[in-house]
1. When you check Glu427 against the structure, is it acidic (Asp, Glu) and within 29 Å of Val260 (Cβ to Cβ), yes or no?
2. Scan the range 104-126 and report the pairs whose first residue is farther than 28 Å from Leu38 by Cβ and open to solvent by 40 Å² or more (accessible area, probe 1.4 Å) and whose second residue is at pLDDT 95 or above and not aliphatic (A, V, I, L, M), with Cβ atoms within less than 6 Å and a gap of 6+ or a chain change.
3. Tally the residues that are surrounded by fewer than 17 Cβ atoms within 10 Å (Cβ to Cβ) and among the aliphatic types (A, V, I, L, M), restricting the search to the range 421-460.
4. Taking the options Leu300, Leu360, name whichever one is within 30 Å of Ala272 (Cβ to Cβ) and not charged (D, E, K, R).
5. If I ask for residues that are open to solvent by 10 Å² or more (accessible area, probe 1.4 Å) and touching a strand residue (DSSP E or B) at 6+ places or on another chain (Cβ under 9 Å), which ones from the range 486-500 would you list?
6. Can you tell me which condition Ala272 does not meet? The list is (1) at pLDDT below 95; (2) closer than 18 Å to Ala174 by Cα; (3) not polar (S, T, N, Q), and all the others hold.
7. Return only the number of the condition from (1) open to solvent by 50 Å² or more (accessible area, probe 1.4 Å); (2) assigned to a loop (DSSP other than H, G, I, E, B) that Asn89 does not satisfy.
8. Among Ala190, Ala172, Ala204, which is more than 24 Å from the chain's Cα centre (by Cα), part of a helix (DSSP H, G or I) and crowded, with 19+ Cβ neighbours inside 10 Å?
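The values are calculated or read from the model by the stated rules, or taken from the named source; none is laboratory data. Quick caveat: nothing in here was measured; it's all calculated off a predicted structure. Neighbour counts run over all protein chains shown; Cβ positions are idealised from the backbone, glycine included. These area figures cover heavy atoms from the full protein model, side chains too; ligands, DNA and RNA do not enter into them. Shrake-Rupley method; radii C 1.70, N 1.55, O 1.52, S 1.80 Å.
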Amino acid sequence: MTRARDDRLATRRAPLEMGPDEFRARGHELVEQIADLLESLPARPVTRGVSPRAVRAALGDDPLPAHGTSAEALLGEVTSQLFEHSLYNGHPRFFGYITASPAPIGILADFLASAVNPNLGAWLLSPMATEIEAQTVRWIAELVGYPRAAGGILVSGGNVANFVGFLAGRRAKAPWDIRASGLRSGPPLAVYLSTETHTWIHKAADLFGQGLDAVRWIPVDARRRMDTAALERAIVADREHGVVPLLAVGAAGTVEVGAVDPLGEIAAICRAHGLWFHVDGAYGALAAALPEAPEDLRALSEADSVALDPQKWLYSPLEAGCVLVKEPKHLVDAFSFHPEYYEFGGSDDEPPINYYELGLQNSRGFRALKVWLALRHAGREGYEQMIHDDIALAQALNDAVTAARELEPFACNLSITTFRFVPADLEPGGDAVEEYLNDLNREIVSRLQRGGEAFLSNAVVDGRYLLRACIVNFRTRRADVEALAEIVVRLGREVDGELRPEGLPAATEV
């Protein structure tokens with residue numbers, strides 16, 4: 001038995017191994033299939049709208065196989081399953097959530113990154129990959145007008161990018177050593193955000209021990225932007241009651257309508273009262289790259305930290321988030337520990353970057369490659385053009401909505417357009433009509449998401465259920481947004497004919 005085992009180990013061929021010739025063959029086949037998919041996207045439905053039961057049936061519920069299957073058979077099977085049962089956010093008529101069409105060079109970058117498989121926890125384990133990530137962070141900072149010398153790290157997405165900014169700010173601004181003694185050693189800490197802020201703050205307040213009662217929800221104005229006078233009043237009131245104002249968050253592109261808070265005013269208030277200023281720019285921060293970007297957006301350069309998502313307006317395949325911190329030391333202060341089994345220090349005259357010291361993860365994948373290659377592939381001018389075009393297409397959709405008698409526009413900010421379908425013979429206003437319009441537009445969204453002609457999502461603003469189209473898609477054209485308006489009108493008439501209850505007041509002019 002021992003001799004047989006020794007012989008097997010001497011000539012070992014692991015079940016997961018694949019010879020060079022087979023790897024080439026399978027890789028070439030897969031690339032051809034992916035290229036065919038990308039070419040065929042406009043002719044495909046955005047989604048087939050199948051039920052969870054149908055997808056589970058297609059996958060099957062077999063037990064874990066005892067024996068292996070050939071790579072050729074497996075790749076053929078799973079490619080077919082994914083192509084037939086996926087929603088394509090790379091489709092030119094995907095206007096749903098803020099998920100970008102993935103850049104082809106990013107697809108190839110993930111393939112290359114997986115082949116090298118560096119661990120970006122430490123420089124020693126990933127020399128070139130670490131330097132590529134550091135350069136990527138500098139380029140992103142430069143692109144949005146943030147200090148090039150800022151610290152930063154790539155993370156999984158906007159939630160974690162905001163978490164990192166939150167934790168760095170708490171460590172920097174808490175008036176006691178919160179790392180040593182935690183939250184129990186001082187008075188309550190408060191954070192300030194507008195009522196339009198993304199739900200990441202619920203998770204942060206909960207997971208990091210402050211609790212939801214620490215969150216101060218600041219009202220917004222008619223444009224859905226933070227009311228800065230209300231922010232200052234809340235800070236003053238908390239301090240008078242023994243609460244420590246810790247951190248304020250400004251939004252660079254809110255989720256529902258794409259509003260940009262008055263970031264310069266928030267920055268000034270934070271400086272005056274000693275708060276950390278964090279910008280949640282997961283969606284909109286990258287629009288600061290445009291020469292025509294408004295001053296409110298350019299003021300993100302005044303923030304102590306900024307969260308943004310290359311997987312949105314840099315068109316990187318998932319996952320790719322980024323956080324920038326103006327003073328790099330604050331990342332080290334918040335996240336660095338030095339156990340004896342980490343001997344990654346390097347020399348004093350040439351200290352390496354060890355990313356385990358700058359964020360939540362120790363072992364980290366090579367997210368930066370797809371972002372770095374795309375930045376080089378398109379360049380600043382290319383990204384300015386693509387982001388500008390997305391915003392222009394959102395405005396074109398808003399124009400088409402405005403021109404359509406049965407569509408009511410609400411807001412158009414950055415590349416988000418919100419509107420609703422209102423039958424020509426109904427007068428908006430009044431509880432009964434508004435309740436019906438909400439039900440009607442909710443059903444329109446549901447049917448759009450199942451039907452596959454186009455895909456959008458929703459927003460609820462002041463009790464009104466709105467259709468929400470967000471364009472972060474370099475494949476979208478003017479014809480696609482004009483078609484969306486026509487599809488909504490056609491579908492709206494169909495749904496209205498099925499759902500309209502009797503007795504609703506009609507419009508005075510039809």
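1. It is false that Glu427 is acidic (Asp, Glu) and within 29 Å of Val260 (Cβ to Cβ).
2. Final answer for the pair search is Asn119/Ser126; Asn119/Ser363; Trp123/Thr130; Trp123/Asn354; Leu125/Asn119.
3. Going through the range 421-460 one residue at a time, the tally reaches 3.
4. Leu300
5. Within the range 486-500, Val489, Leu491, Arg493, Asp496, Arg500 qualify.
6. For Ala272, the exception is condition (1).
7. (1)
8. On the way: Ala190 fails: part of a helix (DSSP H, G or I); Ala204 fails: more than 24 Å from the chain's Cα centre (by Cα).
Ala172 is the lone residue from the list that is more than 24 Å from the chain's Cα centre (by Cα), part of a helix (DSSP H, G or I) and crowded, with 19+ Cβ neighbours inside 10 Å.
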